[in-house]
Amino acid sequence: MMDASGAAQRLHHLAVGSADVERLAAFYARIVGLVELARHRTALGELRSIWLDLGGSILMIERTDEPARTVQGVGSGPFLLAFRVTPGERAQIEAALEGAGHAVESRTDFTSYARDPDGNRIAFSHYPDPAVPR
């Protein structure tokens, strides 16, 4: 979609590098509920990437030989993947994260923060909808 000036306004895809594409894709499918769209292979038949549906955009998990890096706080360039959830879904995702051994690092009134298996910071937010009283 273009605005009146002709500038693009929608995100087509977000690409994340991983040394273990299948493990990271499985995490996002199991914990976040993203649906796999496609698998791509190299000319030698090795898994190159897995694409997951972000509800109109695509999360492309691409194989890399570079080591994972962990950003603390606000880093230069992309530093957080934030997913829109309802307050009830937030509680379910927190339970799924903790059940899979991924601690919730911090919380605000609207958002929970954790890390995926590669150490990428992720969030689950229902802003501006208030949380369900406990």
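The values are calculated or read from the model by the stated rules, or taken from the named source; none is laboratory data. Values in this document were obtained by computation on a predicted structure and should not be read as measured data. Here Cβ is always computed from backbone atoms with ideal geometry, including for glycine, and neighbour counts include all displayed protein chains.
Starting from segment 100-119, keep only residues that are in the same structural domain as residue 86 (by TED's automatic domain parsing) and without any contact (Cβ under 8 Å) to a residue 60 or more places away in the chain, then list their pairs with residues that are part of a strand (DSSP E or B) and of a type in the set (Lys, Arg) whose Cβ atoms are within a distance under 9 Å, requiring at least 6 positions of separation or different chains.
103/115; 105/115; 105/121; 113/107; 113/121; 114/121; 115/121
Here is a list: 37, 54, 80. Which entry is touching a Lys or Arg at 6+ places or on another chain (Cβ under 6 Å) and under 17 Å from residue 13 (Cβ atoms)?
It is 80.
Name the strands (runs of 3 or more DSSP E) wholly inside segment 1-91 in which the number of residues that are at pLDDT 90 or above and buried (at least 16 other Cβ atoms within 10 Å of the Cβ) is 3 or more.
By residue number, 13-18, 47-53, 58-63.
Look through 42, 70 and report the one residue that is closer than 20 Å to residue 23 by Cβ, over 16 Å from the mean Cα position of the chain (by Cα) and β-branched (Val, Ile, Thr).
Exactly one residue qualifies, and that residue is 42.
Could you count how many residues in segment 26-73 are hydroxyl-bearing (Ser, Thr, Tyr), touching a Gly at 6+ places or on another chain (Cβ under 8 Å) and over 23 Å from residue 125 (Cβ atoms)?
Residues in segment 26-73 being hydroxyl-bearing (Ser, Thr, Tyr), touching a Gly at 6+ places or on another chain (Cβ under 8 Å) and over 23 Å from residue 125 (Cβ atoms): 1 in total.
Identify the single condition in (1) under 20 Å from residue 16 (Cβ atoms); (2) in contact (Cβ under 8 Å) with a residue 40 or more places away in the chain; (3) among the β-branched types (Val, Ile, Thr); (4) not assigned by TED's automatic domain parsing to the domain that holds residue 27 that residue 58 does not satisfy, given that it satisfies every other one.
Here residue 58 clears every test but (4).
For segment 95-134, which residues satisfy the criterion of being under 23 Å from residue 20 (Cα atoms) and in a helix (DSSP H, G or I)?
96, 97, 98, 99
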